Amino acid sequence: MTLTSGLKATGNIVQETPQDFFDFLNGIFRFDLDVCALPENAKCERFYTPETDGLKQPWGGGVWCNPPYGKDIINWVRKASEEYVKDYNKFIVMLLPARTDTKWFQQYVYGKAWLWFVDGRLKFGGSETSAPFPSLVAVYAKRK
């Protein structure tokens, strides 16, 4: 099943971060914690699963987050914005769909995070086709 058909047929909103893409970002940031993972696709040694609920846990250190891309994405970007304000010595990096016209983007990402727009479209997990949407990386970090 391809990503596109998976999104349309099953409503699957959890997509595994492409490993090479994560490795590139990890080479820059050196992440400590994946706050939104499944045991089989966690990108860091320390991670939160749906059972441990990253939305209810503290986000300390260097945080990686590839949240579910459905209606609950607003909860993840709100949490990132709130957690970053609590401790400016940490950083939070999120992989997000580039939906700049949405309420969640305007309230919790725009003007609060550095934005890197991904060139082209990512292939999530083991998908054979690219995502049907563009992506961006939002970096909540102290400006030096």
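List of remarks:
- Members of the stretch 114-144 that are farther than 16 Å from PRO18 by Cα and either modelled with pLDDT of 90 or more or within 17 Å of the chain's Cα centre (by Cα) (or both): TRP114, LEU115, TRP116, ALA138, VAL139, TYR140, ALA141
- In the stretch 98-112, the residues that are at pLDDT 95 or above and either of a type in the set (A, V, I, L, M, F, W, C) or surrounded by 19 or more Cβ atoms within 10 Å (Cβ to Cβ) (or both): TRP104, PHE105, TYR108, VAL109
- Considering the stretch 30-50, and only residues there that are over 14 Å from the mean Cα position of the chain (by Cα) and within 11 Å of VAL63 (Cβ to Cβ), the residue that is surrounded by the fewest Cβ atoms within 10 Å (Cβ to Cβ) turns out to be ARG46.
- Counted residues, the stretch 18-41 - those being assigned to a loop (DSSP other than H, G, I, E, B) and either in contact with a Lys or Arg (Cβ under 8 Å, 6 or more places away or on another chain) or at pLDDT 95 or above (or both): 7
- Flag: ILE74 matches the condition of being in contact with a Lys or Arg (Cβ under 8 Å, 6 or more places away or on another chain) and either over 18 Å from PHE22 (Cβ atoms) or not aromatic (Phe, Trp, Tyr) (or both).
The values are calculated or read from the model by the stated rules, or taken from the named source; none is laboratory data. A quick note: this is a predicted structure, and the numbers were derived from the prediction, not measured. Glycine gets a Cβ as well: all are built from the backbone with ideal geometry, and neighbour counts include every protein chain shown.
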